[in-house]
Amino acid sequence: MALEEDTVEKNEHGLPFKNEFDYDALYFWTSHFVHATVVAVLGHACQRGQVFKVRARGRVTQKQGENALVNAVVFLSKGFVCGCRAMNEEQPPVLMEMHKTLTTLGDKKERDGTKAK
């Protein structure tokens, strides 16, 4: 669905907008935590002969809280933008606060050297 052409939003060339970034980046980053992929199962691996069980992956997932916050703010802001445009309303001031939050988190990741590649 992220790659379907938008029926309302247009890009700078007047072509239907697609959410390619969402698909290529956000969905990709988060899919490892919700699908049974090798990456998702890796943190739960056990020694031969042991019973497989879901284990806490604190070391691996400790910093995922910020990624979850970024995703929530990104999609909430997209909802505001698209909803307000559809209703011919001005964008609410809260969008600037959302942008500041995203910028702050991005700057922090860059300083920490944990910026997504």
Practice problem: Could you compute the FRET efficiency for Val41 and Leu69, with r as their C-beta to C-beta distance and R0 at 35 Å, rounded to 0.05? | Solution: 0.90
Practice problem: For the range 63-117, just say rounded, prolate or oblate: build the C-alpha gyration tensor, square-root its eigenvalues into a ≥ b ≥ c, call rounded for a/c under 1.5, and beyond that prolate if a/b exceeds b/c, oblate if not. | Solution: prolate
Quiz item: Each label point is 7 Å from the Cα along the Cα-to-Cβ direction; what then is the distance between the points at Val51 and Asp24, in nm?
Solution: 4.6
Quiz item: What's the local net charge at Thr7, with K and R +1, D and E -1, over the other residues with C-beta under 15 Å away?
Solution: -1
Exercise. Please name which of Leu69, Leu95, Cys84 has its Cα lying farthest along the dipole of the range 63-117 towards the positive end, using unit charges on Cβ (Lys, Arg +1; Asp, Glu -1) and the Cα centre as origin.
Key: Leu69
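Values in this text are rule-based calculations from the coordinates and carry no lab data. Computed from a prediction, not measured in an experiment: that's the story for all the values here. Backbone-built Cβ (ideal geometry, glycine too); neighbour counts: all protein chains shown.
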